[in-house]
Structures are given as structure tokens and as C-alpha cells.
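Trainee: To start, I am sharing the structure in question, which I have written as C-alpha cells.
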Amino acid sequence: KASLESYQSRAAANPAAAADMNKELDRTLNAWGQIKGMDAATLERAKIEEKTKLHIAVLGALEQAGDMDAAKGYFYSNIKEIDGAKQADIKKAIETSDRSRKVQSFADDVIDTQRLPMEQALKLARENFDGEDEKQAVVEIKQRYTEIEAIKKDNENQAFAKAYDLAVDKKGGRRAIPPSLWNQLDPQSKESINSKLTGGAAKTNQGVWY
């Protein structure tokens, strides 16, 4: 058993050599079958079982490396040597991982590289994908923009708190707020501080009256 498992680990460590490992495994199983006196059907079942393990190990290595095109090609090239009961699950896992990779890459491009507004990014997602791919792309984009807005709002709240502390609580006035900090404030926050400093009722960007 340890000898058979070594084929899996060696093939996974070097997917390019998987075909050679597969041939070696085949020779080992043939010899093992002769020693055990296996009939042809029993030997074939043993080969499918062990080769399925080897192919799954290779597919896992290719997926970890992010090479889903190679994983799909490898799967369909060796599908006849993979246990039929496991083929559907493996195919689904490959398709899911490939979909995730494509969606992540698309989202990186439209959000991080092109910096498109959400409406335009969603429009492109619907134009470039369909079916389950489209659904996942839309969800991914909405989630990312939700996170971006949450971070932006948190930063604005922190900036407002610092500016208010310097100008109002510590009575430093408008001049006590560094330009770099003032520029981080949204219009409502600026108005709140200015109003407080000029004697008006101030309202923060969180809706709390001072």
C-alpha cells in the first residue's frame, strides 16, 4: 500500500510526470495481480481504484496551482481511468473552481484595475457571463462593493471623530485640523464641524446631535 501511495504523491508533486507515474503504477499493479493470482476483472477494479487516487492527487495539485485549464484537460484525458462513481463530483468540483477563478479575475479587473462604478461593473458581468457564472459574478461584485463602502464609511467616521476632537473638544478650531485630515471628511462632516464652531447645532455623519 505504501508503495502504491508513493505514485500519488510523486505525481502530485510533479503533474508533468503524471503519465510516467501512471505507467509505472500500471506495471506495478500487473505484477501485484500476478503474485496475488487475480483474475482480469479483479485486477481491472484494482487498477481503477488506484489510478483514480493518482488522478485525483494530480487534479488537486493543478487546482492548487491555479491551472484550471490544465486540470480540465487532464480530467477529460484520463476520465476512462477514473471511477465512474466519482466522475460527476470531480467534474463539478473542477467547474466550480474554474468558475470561481474566472469570476475573481473579472472582479479584480473591473473593480481593482478599471475602478468602474458598481452599476457599470454589474452591466459588464451580465454581458460577459451567463447562467451560474453570471449569478456568481453578480454576487461577487456586489459583495466587494459592499465591503468597499463599509471600509470607506468606517474611515470617514474615524476621520470625523479625530477632526471633531481637535477642533471642538480640544477647542483648537478649524486651524487645528490638518489639511490631510480635513480632505478625508465628507461634505456633511465638514458642515457639522463648521456649524459647531460658528455656534450652530452640529450634526455628525452618524445622525447624532451635539
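Trainee: Working from the alpha-carbon coordinates of the stretch 135-189, get Rg over Rh, Rh being the Kirkwood radius.
Mentor: 1.24
Trainee: Restricting to DSSP H runs of at least four residues, report the calculated mean residue ellipticity at 222 nm for the chain, -39500 (n - 2.57) per run over all residues, nearest 500 deg cm²/dmol.
Mentor: One gets -24000 deg cm²/dmol as the mean residue ellipticity at 222 nm.
Trainee: Based on Cβ point charges of +1 for Lys and Arg and -1 for Asp and Glu, what charge dipole magnitude is obtained for the chain about its Cα centre, in debye rounded to the nearest 20?
Mentor: 840
Trainee: Subtract the Cα-Cα distance of Ser6 and Gln87 from 0.36 nm times their separation in residues, and report this length gain in nm to one decimal.
Mentor: On the way: separation 81, 0.36 × 81 = 29.16 nm, distance 2.28 nm.
Roughly 26.9 nm would be gained on extension.
Trainee: Quick one: if you stick a label point 7 Å off each Cα along the C-beta vector at Ala41 and Val139, how many nm between them?
Mentor: 4.4
Trainee: Return a whole-number percent for the relative contact order of the chain, with Cα pairs under 8 Å and 6 or more residues apart as the contact set.
Mentor: 11
Trainee: Could you give the radius of gyration (one decimal) and Dmax (whole number) of the Cα atoms in the chain, in Å?
Mentor: 30.1, 98
Trainee: Moving to a separate point now. With N set to the residue count of the stretch 91-210, report its C-alpha Rg divided by 2.2 N^0.38 Å to two decimal places.
Mentor: Working it through for the stretch 91-210, the quotient is 1.55.
Trainee: Taking 0.36 nm per intervening residue step and subtracting the Cα-Cα distance, what contour gain separates Asp154 from Glu127 on full extension? Write out the running numbers ahead of the final one.
Mentor: Values: separation 27, 0.36 × 27 = 9.72 nm, distance 3.28 nm.
Fully extending the segment from Asp154 to Glu127 adds 6.4 nm.
All of the numbers you see were taken from the coordinates with simple rules; none came from a lab. Because the structure is predicted, anything quoted here is derived from the model rather than measured. Cβ: placed from backbone, ideal geometry, glycine included. Neighbour counts: every protein chain shown.
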